[in-house]
Amino acid sequence: MARYRLSVPAKADIASVLRVGQATHGSEARVRYRGLLTAALRRIAADPAGPPTVDRGELFAGLRGLHIRHASAESREAPVRRAVHVIFYRAVEPEVIEIVRVLHERMEPSLHLAREGQ
């Protein structure tokens, strides 16, 4: 299993997602969503190119994405009713995955990702 590291923008994305989620849906929802995000990150580290990840090479070489809803079975928390984020990542070393961004599914990734990566 590879390990993952968060880019500075990805750390800010996650902090914002959790902050807004808590303000909108409460502390329990924040815990559930954090658990789902963690499960998705673990899934990426375990099988970076596996199903249901998606090649996003049209944005820049080596970029992949995973919608976090696909990790719901692996979450240790109660289910999240509506997961709405996609994790964008790339392999930067043989056993290191860089989490580039965590974006809302309605956001246009090309506006938030540099062509060569963050």
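Tally Lys/Arg at +1 and Asp/Glu at -1 over every other residue whose Cβ is under 11 Å from the Cβ of V96; what's the total?
Values: positive: R3, R5, R90; negative: E93, E95, E98.
Here the charged neighbours net out to 0.
What full-extension length gain, to one decimal in nm, is calculated for M1 and M107 as 0.36 nm per residue of separation minus the Cα-Cα distance? Show your work: numbers first, answer last.
On the way: separation 106, 0.36 × 106 = 38.16 nm, distance 2.97 nm.
Extra length available between M1 and M107 comes to 35.2 nm.
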Whole-Hz Karplus couplings 3J(HN,Hα) for segment 44-60, θ = phi - 60° and coefficients 6.51, -1.76, 1.60, Gly and Pro as x, run 4, 5, 6, 8, x, 10, x, x, x, 5, 10, 5, 10, x, 5, 8, 6
In terms of the charge dipole of segment 3-111, which places +1 on Lys and Arg and -1 on Asp and Glu at the beta carbon, the residue among S16, V92, V54 farthest towards the positive end is S16
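What does the net charge come to around V86 if you take all other residues with beta carbon closer than 12 Å to its beta carbon, with K and R at +1 and D and E at -1?
Working: positive: R56, R64, R69, R101, R106; negative: D13, E105, E108.
Neighbour charge sum, excluding V86 itself: +2.
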For E28 and H67, extending 7 Å from Cα along the Cα-Cβ vector and measuring point to point gives, in nm, a value of 2.6
The relative contact order of the chain, taking Cα pairs under 8 Å that sit 6 or more residues apart, comes to a percentage of 32
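Calculate, for V8 and A78, the FRET efficiency according to 1/(1 + (r/R0)^6) with r their C-beta to C-beta distance and R0 35 Å; round to the nearest 0.05. Before the final figure, lay out the partial values.
Details: r = 30 Å, r/R0 = 0.87.
E between V8 and A78, to the nearest 0.05, is 0.70.
Please sort 71-83, 9-21 by packing, taking for each peptide the average over its residues of neighbouring beta carbons within 10 angstrom, highest first.
Details: 71-83: 14.2, 9-21: 16.3.
The peptides rank, most packed first, as 9-21, 71-83.
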One checks the Cα atoms of segment 3-111 and finds Rg and Dmax, in Å, of 13.2, 39
In deg cm²/dmol, rounded to the nearest 500, the helical mean residue ellipticity at 222 nm of the chain, built from -39500 (n - 2.57) for every DSSP H run of length 4 or more, is -11000 deg cm²/dmol
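Bear in mind that the values in this text are calculations on the coordinates, not laboratory data. Just so we're clear, the structure is a prediction, and the values are computed from it rather than from any experiment. Every residue, glycine among them, receives a Cβ derived from its backbone with ideal geometry; neighbour counts consider all protein chains shown.
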